[in-house]
Amino acid sequence: MVRVFVNGTNVDKALRILKKKVAKEGILSVLKKKRYYDKPSIAIRKKVAKAERRRRRRIKRMRKYIIS
């Protein structure tokens, strides 16, 4: 649970600190993911597509270091 204490009347500073803590913990990304229900088959497709993008990125980075 994210908590921010307000000292005096400095609400703006507390709000900035709260936003940083929420972003660091990834709360917004979890909320966006759980906003709609995904059928299990769709979730698997998304997972496979994400893995494929990671694999392609890794291969692209490795090609820089391979001498032809």
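Where a number appears in this text, it was derived from the coordinates with a stated rule and is not lab data. As the structure is a prediction and not an experimental result, all values here were calculated from the model. Every residue, glycine among them, receives a Cβ derived from its backbone with ideal geometry; neighbour counts consider all protein chains shown.
Observations, loosely collected:
- Residues within region 16-68 that are of a type in the set (Val, Ile, Thr) and closer than 30 Å to Val4 by Cβ, tallied: 4
- Beta carbons closer than 7 Å, at least 6 apart along the sequence or on distinct chains, pair a first residue in region 1-13 that is within 19 Å of Ala23 (Cβ to Cβ) with a second that is of a type outside the set (Gly, Ala, Ser) and surrounded by 10 or more Cβ atoms within 10 Å (Cβ to Cβ) for Val2/Leu18; Val2/Lys21; Val2/Val22; Val2/Glu25; Val4/Ile17; Val4/Leu18; Val4/Lys21.
- Flag if Ser41 is among the polar types (S, T, N, Q), in a helix (DSSP H, G or I) and loosely packed, with under 10 Cβ neighbours inside 10 Å: yes
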